[in-house]
1. Looking at region 107-124, which of its residues are part of a helix (DSSP H, G or I) and either touching a helix residue (DSSP H, G or I) at 6+ places or on another chain (Cβ under 7 Å) or surrounded by 21 or more Cβ atoms within 10 Å (Cβ to Cβ) (or both)?
2. Just to be sure I understand, how many residues within region 57-78 are surrounded by 15 or more Cβ atoms within 10 Å (Cβ to Cβ) and in a helix (DSSP H, G or I)?
3. If you go through region 92-106, how many residues are polar (S, T, N, Q) and part of a helix (DSSP H, G or I)?
4. Scan region 53-69 for residues that are more than 18 Å from the chain's Cα centre (by Cα) and of a type in the set (D, E, K, R) and jot them down.
5. Applying the selection to region 81-113, what residues are without any contact (Cβ under 8 Å) to a residue 40 or more places away in the chain and within 24 Å of residue 190 (Cβ to Cβ)?
6. State all residues of region 40-70 that are farther than 13 Å from residue 85 by Cα, hydrophobic (A, V, I, L, M, F, W, C), modelled with pLDDT of 90 or more and in contact with a helix residue (DSSP H, G or I) (Cβ under 8 Å, 6 or more places away or on another chain); if no residue qualifies, say none.
7. Mind checking which pairs have a first residue in region 192-213 that is within 17 Å of residue 175 (Cβ to Cβ) and a second that is modelled with pLDDT of 80 or more and among the basic types (Lys, Arg), Cβ under 6 Å, 6 or more apart or different chains?
8. Do you know which residues across region 176-188 are closer than 13 Å to residue 222 by Cβ and surrounded by fewer than 16 Cβ atoms within 10 Å (Cβ to Cβ)?
Amino acid sequence: MKKNMYLCFTQNTVTMKARYIRQSTQKQNGNQRQLAKAHADERLFIDVVSGSVAFSKREQGAELLKAIENKEISYVTFHAVDRCGRSTSDVLKTLEFMREHNVTVKIENLGIESMIGDKVNPVFSLITTILAELGSLEKATLLERQAEGIILAKAKGTVYRGRVKGTTESDSEVLNKYPKLVKVLRANPTLSLQNVANVCNGATNKGADKKLSANTVRKVKQILNK
């Protein structure tokens, strides 16, 4: 009974710890990995929403902020910095809100917390700000390249319709499509997504008719990490 009480989404939950999970679609496997890491004493807040939505505008994000205001939560775990908001300013706004309400934040993939005892961790502030900015720049770059690709396609007379609704590729099909990328990722697991893309763009990938983007690298890396 105690375990189930901690995992429910009611306001009667007495736990002071929480874990926030965001994914873009119901089909993403990252949700299951995050749930597997959840502890019995954590209250879960799970959003299925685009990362372009501000944290306070997400249904469960807003519920988490409300729970913090009501002093129901004093410790929050995020898998990564980019789960805290849609942009650098939004991430920093979310983290500042939690600091003002004396909530300790843990970024799990970095293994760092916002507080050391009763003092603010200066390393946490520095790292989260840098990573949030890098994430925003990467997103902006991807959108810019996508826009350029659409313009180029239209100039060539190609009608751009985006991905056909309902079309998917299996994990094995994706990996077979990018053998060079798979090899580079396995040999350099700590290399940034953009640097991996730069390395691979110097080589021909079976079945690929355009240069790799950091988004494609992320997709393949997520499959390899399953």
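1. Selection gives 124 alone.
2. The total comes to 8.
3. The total comes to 1.
4. Correct list: 63, 66, 69.
5. Across region 81-113, the qualifying residues are 105, 106, 107, 109, 110, 111, 112, 113.
6. 44, 45, 46, 68
7. Cβ pairs passing all conditions: 193/218; 200/180; 203/180; 205/180; 207/177.
8. none
The values are calculated or read from the model by the stated rules, or taken from the named source; none is laboratory data. Being a predicted model, the structure only gives us computed values, none of them experimental. Positions of Cβ are generated from backbone atoms using ideal geometry, with glycine treated the same way; all protein chains shown enter the neighbour counts.
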